[in-house]
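Q: The structure that follows is given in the form of structure tokens.
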Amino acid sequence: MTPLFSKTTPSEATLIAARIAPVFDAVLNEYDFLKYPAAHYQAFKTSYSARTAQNPRIADSLLWKWGHWGKPNYPQRHRNLIAEVEGLWPRFIGSGCAQAPDQTFQWWQAQFKRQTTYITSAYITHLVHHSAPLPIIDQHNFRAMNALFEPVRPPQKRKKRPSSWNDIQVLKDFMSQVLVAMPQRSFSELDRFLMMYGRNHVPR
């Protein structure tokens, strides 16, 4: 597998911004705030970034991420993972790894010891270090980024799903450069746009 790609250049970002600008609002409006209520998300960012040993509403925050908000029933594997994160949280705070985003991510990945928890590790890192800022990386916004690069870069083999800290850095850099070309938009708006664009408008 070749590297995903190098950092986004200003010229690439300008071309991508021009491509998405006409559809930005329409795609952004596809985001479901009933499924992902904004007020609770803001509360999760506040509680996680406080970095105290007190449980920062772990169950609620993970149910929000998994699209289970308000559902009485959800998979047992998710119940198990919630319990695992709750048990690990005090150890994480005591580890000293909450000071830097990459250390936070690597700590959680080391505890879980399985690739299926990548999105959860990345999401916890996002909440703890949301002011960095960090994207809420998942298969959808990663797919969107890949698709938006297609017309502006030579064909190359790219990862279909994110799986490393480097992937988070690449997505963050991509978003930061695009926002330079779209200064009227916020990081959170672009994050939501990419999620919906990758989910609803890019072939899988």
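The values are calculated or read from the model by the stated rules, or taken from the named source; none is laboratory data. The shown structure was predicted, so the numbers you read here are calculated from the model rather than taken from an experiment. We place every Cβ from the backbone using ideal geometry, glycine too, and count neighbours over all the protein chains shown. Areas reflect the complete protein model, heavy atoms only, side chains present, ligands, DNA and RNA absent. Shrake-Rupley method; radii C 1.70, N 1.55, O 1.52, S 1.80 Å.
Q: Determine if the stretch 188-203 includes at least one residue that is more than 13 Å from the chain's Cα centre (by Cα) and either modelled with pLDDT under 95 or on the phi > 0 side of the Ramachandran plot (or both).
A: Yes, the stretch 188-203 has at least one match.
Q: Could you tell me how many of the residues in the stretch 163-204 are aliphatic (A, V, I, L, M) and open to solvent by 60 Å² or more (accessible area, probe 1.4 Å)?
A: 1
Q: Continuing with this model, one more query. Taking the criterion of being outside any helix (DSSP H, G or I) and not basic (Lys, Arg), would at least one residue in the stretch 166-181 satisfy it? Walk me through it before giving the result.
A: The first filter runs over the stretch 166-181 and keeps only residues outside any helix (DSSP H, G or I), leaving none.
So far as the stretch 166-181 goes, no, none of its residues is outside any helix (DSSP H, G or I) and not basic (Lys, Arg).
Q: I'd like the full set of residues that are over 17 Å from the mean Cα position of the chain (by Cα) and surrounded by 17 or more Cβ atoms within 10 Å (Cβ to Cβ), limited to the stretch 21-56.
A: PHE24, VAL27, SER47, PRO56
Q: I'm told GLN111 meets every condition in (1) surrounded by 15 or more Cβ atoms within 10 Å (Cβ to Cβ); (2) without any contact (Cβ under 8 Å) to a residue 12 or more places away in the chain; (3) among the polar types (S, T, N, Q) except one. Can you identify the failing condition by its number?
A: (2)
Q: Could you say whether any residue in the stretch 151-162 is open to solvent by 40 Å² or more (accessible area, probe 1.4 Å), without any contact (Cβ under 8 Å) to a residue 40 or more places away in the chain, under 27 Å from GLN106 (Cα atoms) and under 13 Å from the mean Cα position of the chain (by Cα)?
A: Checked against the condition, which is being open to solvent by 40 Å² or more (accessible area, probe 1.4 Å), without any contact (Cβ under 8 Å) to a residue 40 or more places away in the chain, under 27 Å from GLN106 (Cα atoms) and under 13 Å from the mean Cα position of the chain (by Cα), the stretch 151-162 yields at least one hit.
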